[in-house]
Amino acid sequence: MAPALEEGGERETSVAQNNSLNSVVNDATHRSKVTVIGSGNWGSVAAKLIASNTLRLSSFHDEVRMWVYEETLLSGEKLTDVINRTNENVKYLPGIKLGKNVVADPDLESAVKDSNMLVFVTPHQFMEGICKRLVGKIREDAEAISLVKGMEVKMEGPCMISSLISQQLGINCSVLMGANIANEIAVEKFSEATVGYRLNREVAERWVQLFYTHYFIVTAVQDVEGVELCGTLKNVVAIAAGFVDGLEMGNNTKAAIMRLGLREMKAFSKLLFPSVKDSTFFESCGVADLITTCLGGRNRKVAEAYARNGGKRLFCISFSFVHISRERKRKCLI
Ligand SMILES: NC(=O)C1=CN([C@@H]2O[C@H](COP(=O)(O)OP(=O)(O)OC[C@H]3O[C@@H](n4cnc5c(N)ncnc54)[C@H](O)[C@@H]3O)[C@@H](O)[C@H]2O)C=CC1
Ligand SMILES: O=C(CO)COP(=O)(O)O
C-alpha cells in the first residue's frame with residue numbers, strides 16, 4: 001500500500017513522484033534529519049517507527065535523535081545511558097528494541113541542533129517550557145509535527161499545541177493523531193493515523209513517508225485544527241466512558257456516551273474553528289481514536305478506577321497507570 005493523501009482530494013503521491021523526490025534529496029547534505037522531542041510510551045514508539053523508515057529511505061539521515069527528559073533509574077543509572085546501551089526505553093517501553101539508529105540525548109539543544117524535522121511528543125503540560133528553551137536553537141528551515149494530544153488553556157482562551165509551537169518557534173507545524181495506543185503499535189499490530197497539514201501538500205507527504213509502515217497506515221488531510229481537536233477532545237469522552245464502566249452502566253450507555261461525545265466534539269471544534277471539516281471526524285483521528293480510547297486508553301482506565309473506588313482522589317489512582325517518580329508520589333501523598 002502506498003502512502004496516502006486525503007480521500008476525495010488529490011490522492012497518493014505516485015511512485016514516480018516519490019522516486020524523483022528521493023533523487024533530489026539523495027545527496028547527503030540534503031537529507032532530512034529527524035529529532036523526536038519526547039521519549040515516553042508514544043514518543044518511544046514514534047522513534048521506532050521513524051527509525052525503521054530513515055534506514056530504508058535515502059531522503060533521510062539514518063540517525064534519529066530522541067530527546068530524553070533525564071531520569072535516574074532505581075539501579076542508579078541514567079535512563080539515557082540505558083537506552084543507548086540496550087536500545088530499549090526500559091522505563092516507558094520495556095521489551096521493545098527502538099532501532100540501533102535511535103540515539104538518546106538528554107541535552108535538548110544538542111538534540112535538535114542539526115535537524116530540520118522536529119517531532120514533538122511529550123505530555124502537553126511540558127510543551128510551553130520546551131518551546132521556550134528551543135527559541136533561537138533550531139534550524140530556520142525546520143518543519144514540526146505535533147503528536148501531543150491536549151491543549152493549553154490560557155486566559156485568552158484555548159491554544160492548540162501546534163499553534164504554540166508555530167508561534168513560539170516561528171515554524172510551520174503539522175499534527176499526527178489517530179487510534180494509536182502505543183503499546184499495540186510497538187508490537188506492530190495494525191493501525192491507522194491521520195496527518196493534519198495546513199497548506200503544503202509536499203510537507204504533508206514528507207511526514208506520511210516518515211511514519212508510514214505496513215502496519216501503520218497514514219493518511220493526510222488539510223485540516224490541522226480538526227485533526228488536533230479530535231485527538232484532544234476524545235480524552236474528555238474517554239473519561240466519561242470510564243465512569244460508565246466503573247459504575248457498570250453497560251455497553252448501551254457507553255455507546256450512547258461515545259455517540260453523543262462525538263457529536264459534541266464536532267460542535268465544540270467548529271465553534272473554536274469554523275474551518276474544521278466534517279470529514280475529519282471519519283478519519284482515524286476522529287471516530288477511530290474515540291473508539292480505541294474509550295475501550296483501551298489510560299484515561300478510561302483512570303476514570304473507571306475512580307468510579308469503582310467511590311471517588312478516591314484521582315491522582316492516587318493514576319499512579320498505577322502513569323510512570324511517576326517515587327519522590328513525586330511521596331510528595332503528592334503528603
Ligand atoms: N501512550 C499512548 O498510547 C499515546 C499517547 N499520545 C500522546 O502523546 C503524548 C506523550 O505521551 P507519552 O509518550 O505516552 O508519555 P508518557 O505518559 O508515557 O511519559 C511521560 C513523559 O514525560 C516525560 N517528562 C516527565 N517530566 C517532564 C518534564 N518536566 N519535562 C518534559 N518531559 C517530562 C517523561 O520523561 C516521559 O518521557 C501525550 O500528549 C499523549 O496524549 C498519543 C497517542 C498514544
Ligand atoms: O491517544 C491514545 C490512543 O490513540 C491513548 O490514549 P490514553 O492517553 O488515554 O491512553
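Mind checking which residues of the stretch 40-88 are among the aliphatic types (A, V, I, L, M) and open to solvent by 60 Å² or more (accessible area, probe 1.4 Å)? Steps first, please.
Residues of the stretch 40-88 that are among the aliphatic types (A, V, I, L, M), as a first pass: 45-47, 49-51, 55, 57, 64, 66, 68, 73-74, 79, 82-83.
Matches in the stretch 40-88: 55, 74.
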* In the stretch 273-286, residue nearest to ligand 2 (Cβ to nearest atom) [restricted to those that are open to solvent by 50 Å² or more (accessible area, probe 1.4 Å) and part of a helix (DSSP H, G or I)] -> 282
* Asked: How many of the residues in the stretch 116-145 are over 18 Å from residue 158 (Cβ atoms), within 16 Å of ligand 2 (Cβ to nearest atom) and open to solvent by 10 Å² or more (accessible area, probe 1.4 Å)?
  -> 2
* **Near pairs, Cβ below 6 angstrom, 6+ apart or cross-chain, from the stretch 58-72 (among the polar types (S, T, N, Q)) to any residue that is open to solvent by less than 60 Å² (accessible area, probe 1.4 Å)** => 58/22; 59/22; 59/25
* Considering every residue within the stretch 197-213, establish whether at least one is within 13 Å of ligand 2 (Cβ to nearest atom), at pLDDT 95 or above and under 19 Å from residue 96 (Cβ atoms). => no
* Segments classed as helices (runs of 4 or more DSSP H), wholly inside the stretch 154-272, with at least 2 members that are touching a Cys at 6+ places or on another chain (Cβ under 7 Å) and over 26 Å from residue 134 (Cβ atoms) -> 224-246, 251-272
* Asked: For residue 229, are the conditions met, namely being open to solvent by 70 Å² or more (accessible area, probe 1.4 Å) and touching a residue at least 60 places away in the same chain (Cβ under 8 Å)?
  -> no
* When you go through (1) more than 30 Å from residue 139 (Cα to Cα); (2) open to solvent by 10 Å² or more (accessible area, probe 1.4 Å); (3) outside the structural domain of residue 300 (by TED's automatic domain parsing) one by one for residue 180, which number turns out not to apply? -> (1)
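The values are calculated or read from the model by the stated rules, or taken from the named source; none is laboratory data. Here the structure is a predicted model, which is why all the values come from computation and not from measurement. Please note: Cβ atoms are built from the backbone with ideal geometry, for glycine as well, and neighbour counts cover all protein chains shown. Side chains included, ligands, DNA and RNA excluded: accessible areas come from the protein's heavy atoms. Shrake-Rupley method; radii C 1.70, N 1.55, O 1.52, S 1.80 Å.
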